[in-house]
Amino acid sequence: MSVIKETELPKIIKEIESEVGRIVIGQKETIRGIIRAILCNGHVLIEGVPGIAKTLMIRAVSEVLGCEMQRIQFTVDLLPTDITGITTYSPQKGFGVVKGPVFANFVIADEINRSPPKSQSALLEAMQERTVTIARKTYELPKPFFVMATENPIEVSGVYSLPEAQVDRFLFKLLMGYTQHNEEIEILSNNITLNQFEDYHLKKVLSAEKIIALQEMTKKVLSSDAIKEYIVKLVEETRNPNFEFAKYIAFGASPRASISLYIASKAEALMNGRKYVVPKDVKTVAASVLRHRIILNYEAEAEKISTDKIIKNLLEKVMVP
């Protein structure tokens, strides 16, 4: 396997974005967020209205990165075994294991909030442990292992909110919005309804082995003591009763948020061809890391104060040491 240098990565990232952009018009920030999460060996929760190509995006990313993909459509009657797999018996072969769709490099958990917590937890356990237990035997999941879960923000009937402790397992929460006017015009003649996925002939830019190597490279990116101090100050401020927006915060971010900011800023530095983290890297990833870890109260909901507004104020207030 050829070694990828840090300085070569920005070119590779642009190539990935260009290939995915052939089938998914716009949404460049979301694509970068997914790539960043993969470098961190983390998982992503994407929130967006139906019809904005959430599922198509991860399918395209998995194809370009040279990895196997499986999709799990979460429904109210989905069982944990539908995700992990089951033990079967046949007179000819005896007992055997049928592995579920979670045994793939990339897993799409489509509308994860449509299933009850018992089914949700089956996937979330696999995300955390990177293993699955079937009939008392533990199986390791393939590497790399990446989960992109989607949720629909506009429906409240027939959905189960993800518990905050489970949402915290996702490295990023990305908000996927509508495309721009010109992009939507381009979508009219270049969409998956008029064309087959295979017609795009997406080029494989990476492979599973190269992704694992890049994940190891991400861990080795340097982060100074001043950067570490800055990250901790940002997270601590969400728990500060004197913070300007403190009255809207029920619970501030946990130490897991600090860890996530730390590794995510390393990935952002690497994507920009650097071996070291600068404050701009931390600021770039702050919203994706913190928006699902700051728990707002009813007063914030009543006054329509969003976590993104709080994070923006946070970045303006907390100075780099």
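A few notes on this one:
- Summing charges over all other residues whose Cβ lies under 12 Å from the Cβ of Ala287, with Lys and Arg as +1 and Asp and Glu as -1, gives +4.
- Applying the Kirkwood pairwise sum to the alpha-carbon positions of region 84-152 produces a hydrodynamic radius of 13.1 angstrom.
- Loop-located trypsin sites (Lys or Arg not before Pro) in region 211-260 (DSSP state not H, G, I, E or B) with no more than 12 neighbouring Cβ atoms inside 10 Å: Lys220.
- Spin-label pair Glu68/Leu222, simplified geometry with 7 Å Cα→Cβ offset, distance in nm: 4.0 nm
- Once divided by 2.2 N^0.38 Å, the Cα radius of gyration of the chain becomes 1.03.
- Net charge contributed by nearby residues that have their C-beta within less than 12 Å of Phe103 (K/R +1, D/E -1): +1
- Relative contact order for region 221-317, counting Cα pairs under 8 Å that sit 6 or more residues apart, in percent: 33 percent
- Whether region 91-249 is rounded, prolate or oblate, judged on the alpha carbon gyration tensor where a/c under 1.5 counts as rounded: rounded
- Within the chain, percent of DSSP bridges classed antiparallel, to nearest 5: 40 percent
- With contacts taken as Cα pairs under 8 Å at a separation of at least 6 residues, region 1-123 carries a relative contact order of 23 percent.
- Histogram of C-alpha separations across region 221-317, 10 Å bin width, %: 17, 49, 26, 8, 1
- Sequence-separation-based contact order of the chain, relative, with Cα cut under 8 Å and 6+ spacing, percent: 23 percent
- MRE, 222 nm, helices only [DSSP H, n ≥ 4, -39500 (n - 2.57), over the chain, to nearest 500]: -13000 deg cm²/dmol
- Sorted fewest first by neighbouring Cβ atoms within 10 angstrom, Met319, Met271, Met176 come out as Met319, Met176, Met271.
- A full extension of the chain between Ser189 and Ala165 corresponds to an added length of 4.4 nm, given 0.36 nm per residue minus the alpha carbon distance.
Read the figures in this text as sums done on the coordinates, not as results from a lab. Not measured: the values here are computed from a predicted model. Please note: Cβ atoms are built from the backbone with ideal geometry, for glycine as well, and neighbour counts cover all protein chains shown.
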